[in-house]
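Following: one structure in structure tokens, then a few remarks.
Please treat every number below as a calculation from the coordinates, not as lab data. Given the structure is predicted, the values throughout are model-derived calculations rather than measurements. A quick note on method: Cβ atoms are made from the backbone with ideal geometry, for glycine too, and the neighbour counts reach across all protein chains shown.
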Amino acid sequence: MNEIDFAWLINNGPHIYAEYAGKWIAVHDSNVVGVGTTATEAATQARDTVGSEEFILEAVDAEGDVIYADLQMA
């Protein structure tokens, strides 16, 4: 997993939730490059945008209680 994109997801959680609740998103280089009601839709859009480069697929919870945390195991 791309650490920069993962950090971007955490840092932008409230904005992402407000715009994409209930959707799947694809993230590449700290940008949403695909959106869909299914992971396949989001991935297809991402592939059309970034080609064979890696991206993160993330389901954005439709519920109001969204918690983002950076947990480090000791």
Completion exercise
Proxy exposure order for 30, 52 (fewest C-beta within 10 Å first) is 52, 30
Fill in the blank from the handout: Gyration tensor on Cα atoms of segment 3-59, a ≥ b ≥ c root eigenvalues, a/c under 1.5 rounded, else prolate if a/b beats b/c, else oblate, says oblate
Fill in the blank from the handout: With the dipole of segment 3-59 defined by +1 on each Lys or Arg Cβ and -1 on each Asp or Glu Cβ, the option from 35, 11, 51 whose Cα lies farthest towards the positive pole is 35
